[in-house]
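Okay, so here's the structure we're looking at.
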Amino acid sequence: MILRRTQYELARRVVGPTLLRLEAWQKARARSGRGPRGGPFGPPLESTRKLKELLSLHYLAGRYADGAVPVAWVTSGFPVELLRPLGFHAVYPENHAAMCGVQRIVPELSDAVEQQGYSRDLCSYARTDLGSVVTGKTPAGRLPRPDLLCCCTNICQTVLYWYKALAAHFQVPLVLVDTPYVYGEVRAHDLPYVRAQLEELVAVAERVAGRRVDPEELRAVTVRAREGSRLWGECLATSRARPAPWTGFDGFFHMAPIVALRGGEECNAYYRLLRDELQDRVKRGIGGIREERHRLLWDNLPMWFAVRELSTLLAERGFNFACTSYTNAWAEAGVQVDPADPYGSAARAYTHVILNQDLSNRLGILRRLAREYSCDGAVLHSDRSCKPYSIGQVDLRERLARELSVKVLLLDADHSDPRAWAAEPGENRLTAFMESFG
Amino acid sequence: MSAAAPGGAAALGLDAGSTTLKAVAIDAAGRILARRVEPSHPRIGEQAERLLAALRAEVGGEPPVGATGYGRKRVAAGRALTEITCHARGAFALAGRPGVLLDMGGQDTKVIRVGPGGEVQDFAMNDKCAAGTGRFLEVILARLHVPLAEVAEQAARAARPVTVSSTCTVFAESEVISLLASGEPLEGIVKGLHAALASRTAAMVRGAGEGELLMSGGVALNAAMVAALAEALGRPVRVLPEPQLAGALGAALAVLGRSG
């Protein structure tokens, strides 16, 4: 235990930072003598270096976390603020699966579990995670074994069965937060029901961690989580300027800390740095793309395996995603947590995430974003893996087009399995969509 | 439409589709002076160059080239646009007014709302599957040994359509064989196939709203399909003149900077 803890702390504080500095120095040397990045994009964000450092350290420390500190695997919409005061190292399988998507190793991991009988119709994040567990393959080097599995159904029901499979594999406790779906307004009895589950989960987490939650520490974490979400919102809001100082696709990568490190000071420090850089770019008129002609809204998760190709295709024609409903979700939920009432406010915040709300609420969010960010078009990614996000998009498309007089495209793909993306017809549709702007 | 113009050819347009390559030469007024249509060859670049060279030899000069279709990136052209934009422009030029364009080609079925300037207002396409396209009919009719020239006559002869439930090319093929084996008449099956495809396509067309329904693409040459669509939709279908050439015409107009 003491040895593991020492390894964990060394990885976080000494070895990791040293390796990263060495890598940065090597890259800087290799870059020297070369000109600035060309192509249709604006100059790269300086903060990206810090982002990579932050995430690399998180995953490096994770390799040594089990046995050193309690480890929880959590869904992206789980109220992680309640675990932080107990010293949990939180692993986000969805965030990890996105990494696997970027590196295009999802087919290989998926094949491993498809051979065990899992259907390819199952969410590609679930297949990727289970495939990584079965094969041990991960771009992170190693994922720490969980002591606790934490699942919240506010993003989908698949997570319940996925985490039950993980619980059966790891033979560790699974805590479930069931959030009733919000049709119109939340019902009076829904929030006490969710709150009671939060109190139960903390009791289980305390047993696993072997300590009690310090109310002061919980207050402090809640303050930091709320601040982190507010800062992330400020980063996103810089794109209301013309030109937007970064691309919507940049936002997909920079959202990792608010998902995986929410409630920690390093997350907030990062977003202050990013916000300042973005605000400075706005002042100086520096855009995420060189020539911003049209501004679009993106709905749903990105296609992690094709972000570079798609952003280039768009940027070359002067199109930028000024906002995305997905990145915005993390700016809206977290700001509702309240240190004066950590349980009650978390119940409210986590019940109201975008995927737990009915179509008219989702339409309201898209309409507001399109207006606030002055979008003249929208792309709705019909994501084969994420049914809750994709269902209703045909209606959303019609309503958005009619009510806002903007052009809207439905694009069939998947967030991380490239086998569900027909690149040629897909890019052709996107190109035709852009041509229709004249 | 095909009369030679005194000023000679102003532009060439090439539509390198998945099933056929279409090329036209137009004059400054947008009239088609010469055309070529050939089944697509895997070496698209070479085939396109050969077709364009043949057109140049026919009309003279070195007019600029506009390209469209999946093979457009393999062609040295002054302008390359998607077939959605080009079909809209070509259809607008041929029809002389806006409308809802249904283009049924080899592997794509597109429904395009064409605006008053020939621009694309909105469009929808079949999903990542060739089930609702010309390829579907081509495969099944070949299996039934029915040449395209006889399709309309066969369908018209049918006393009643035989219901074909699947519009998956692979499953429908086996379904059709099974129907034949159980003694269903060939004419009824041919009619039923068209009705199945028309029903699938009609859903896409209805989504594009009201307006005169125009039709382009190779499938528009199949009168049985046109009739089945008109019946499924309960509205007339106006087949454009030389419907296969709408995309190539649009590409040629685009290189001239014209919408129609």
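The values are calculated or read from the model by the stated rules, or taken from the named source; none is laboratory data. Note that the coordinates shown come from a computational prediction; the quantities given were computed from them, not determined experimentally. Quick reminder, even Gly has a Cβ in these numbers, built from the backbone with ideal geometry, and neighbours come from all protein chains shown. Heavy atoms of the whole protein, side chains included, go into the accessibility calculation; ligands, DNA and RNA do not. Shrake-Rupley method; radii C 1.70, N 1.55, O 1.52, S 1.80 Å.
Scanning region B:42-63 for residues that are surrounded by 14 or more Cβ atoms within 10 Å (Cβ to Cβ) and in contact with a helix residue (DSSP H, G or I) (Cβ under 8 Å, 6 or more places away or on another chain) returns B:Ile44, B:Gly45, B:Ala48, B:Pro63. Screening A:Glu372 on (1) modelled with pLDDT under 95; (2) open to solvent by 50 Å² or more (accessible area, probe 1.4 Å); (3) at negative phi; (4) not hydrophobic (A, V, I, L, M, F, W, C) shows it passes everything except condition (1).
So that you can scan it fast, the table gives a plain yes or no per residue for (1) over 17 Å from the mean Cα position of the chain (by Cα); (2) closer than 22 Å to A:Pro388 by Cβ; (3) buried (at least 17 other Cβ atoms within 10 Å of the Cβ); (4) not hydroxyl-bearing (Ser, Thr, Tyr):
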position	(1), (2), (3), (4)
A:Arg284	yes, no, no, yes
A:Ser311	yes, no, yes, no
A:Asn320	yes, no, yes, yes
A:Ser325	no, yes, yes, no
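Evaluate the following for A:Ser382: is it buried (at least 16 other Cβ atoms within 10 Å of the Cβ), under 29 Å from A:Trp162 (Cβ atoms), of a type in the set (Gly, Ala, Ser) and more than 10 Å from chain B (Cβ to nearest Cβ)? The answer is no for A:Ser382. So for region B:229-246 (the condition being over 17 Å from B:Gly134 (Cβ atoms) and in contact (Cβ under 8 Å) with a residue 60 or more places away in the chain), does at least one residue qualify? Yes, that holds for at least one residue. Note on region B:64-89: residues that are buried (at least 21 other Cβ atoms within 10 Å of the Cβ) and more than 14 Å from chain A (Cβ to nearest Cβ) amount to 3. Each residue in region B:32-41 was checked for being under 14 Å from B:Ala16 (Cβ atoms) and either touching a Leu at 6+ places or on another chain (Cβ under 6 Å) or open to solvent by less than 20 Å² (accessible area, probe 1.4 Å) (or both), and 3 pass.
Scanning region B:229-248 finds no residues that are surrounded by fewer than 19 Cβ atoms within 10 Å (Cβ to Cβ) and in contact with a Gly (Cβ under 7 Å, 6 or more places away or on another chain).
Looking at region A:177-202 only, could you name the residues that are within 26 Å of A:Val71 (Cα to Cα) and either open to solvent by 70 Å² or more (accessible area, probe 1.4 Å) or among the aromatic types (Phe, Trp, Tyr) (or both)? Within region A:177-202, A:Arg195, A:Glu199, A:Glu200 meet the criteria. Can you say whether A:Pro139 is closer than 24 Å to A:Val14 by Cα, open to solvent by 20 Å² or more (accessible area, probe 1.4 Å) and not in a helix (DSSP H, G or I), as far as the supplied structure shows? So A:Pro139 fits the description; yes.
What about B:Gly105, is it within 14 Å of chain A (Cβ to nearest Cβ) and either out of contact with any Gly (no Cβ under 8 Å at 6 or more places or on another chain) or open to solvent by 10 Å² or more (accessible area, probe 1.4 Å) (or both)? Here the answer is yes, as B:Gly105 does meet what is asked. Taking B:Ile189, is it more than 19 Å from B:Gln107 (Cα to Cα) and surrounded by 23 or more Cβ atoms within 10 Å (Cβ to Cβ)? Judged against the criteria, B:Ile189 is a match. Total residues in region A:43-99 satisfying the condition of being under 20 Å from the mean Cα position of the chain (by Cα), over 29 Å from A:Pro418 (Cβ atoms) and β-branched (Val, Ile, Thr): the figure is 2.
Summed over region A:414-424, residues that are within 8 Å of chain B (Cβ to nearest Cβ) and open to solvent by less than 40 Å² (accessible area, probe 1.4 Å) total 1.
The combined condition, being within 22 Å of the chain's Cα centre (by Cα), away from chain A (no Cβ under 14 Å) and touching a residue at least 24 places away in the same chain (Cβ under 8 Å), is not fulfilled by B:Leu186. The set of residues from region A:386-413 being more than 9 Å from chain B (Cβ to nearest Cβ) and open to solvent by 30 Å² or more (accessible area, probe 1.4 Å) comprises A:Lys387, A:Pro388, A:Ile391, A:Asp395, A:Arg397, A:Arg399, A:Arg402, A:Glu403, A:Leu404, A:Ser405.
Residue-level analysis places B:Arg113 among those that are modelled with pLDDT of 90 or more, under 18 Å from the mean Cα position of the chain (by Cα), over 17 Å from B:Ala254 (Cβ atoms) and within 14 Å of another protein chain (Cβ to nearest Cβ). Identify all residues within region A:288-306 that are over 27 Å from A:Arg419 (Cβ atoms) and open to solvent by 10 Å² or more (accessible area, probe 1.4 Å); write none if there are none. Passing the criteria: A:Arg290, A:Glu291, A:Glu292, A:Arg293, A:His294. Of the set (1) farther than 22 Å from A:Glu234 by Cα; (2) surrounded by 18 or more Cβ atoms within 10 Å (Cβ to Cβ), all apply to A:Val353 but (1).
Residue-wise test of (1) open to solvent by less than 60 Å² (accessible area, probe 1.4 Å); (2) out of contact with any helix residue (DSSP H, G or I) (no Cβ under 6 Å at 6 or more places or on another chain); (3) in contact (Cβ under 8 Å) with a residue 40 or more places away in the chain; (4) more than 22 Å from B:Ile32 (Cβ to Cβ).
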residue: B:Ala91; (1), (2), (3), (4): yes, no, yes, no
residue: B:Gln121; (1), (2), (3), (4): no, yes, no, yes
residue: B:Phe136; (1), (2), (3), (4): yes, no, yes, yes
residue: B:Val139; (1), (2), (3), (4): yes, no, no, yes
residue: B:Arg143; (1), (2), (3), (4): no, no, no, yes
residue: B:Ala152; (1), (2), (3), (4): yes, no, yes, yes
residue: B:Val162; (1), (2), (3), (4): yes, no, no, yes
residue: B:Cys168; (1), (2), (3), (4): yes, yes, no, yes
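Working only within region A:194-231, note down all residues that are in contact with a strand residue (DSSP E or B) (Cβ under 7 Å, 6 or more places away or on another chain) and farther than 30 Å from A:Tyr270 by Cα. Within region A:194-231, A:Val194, A:Gln197, A:Val204, A:Val208 meet the criteria.
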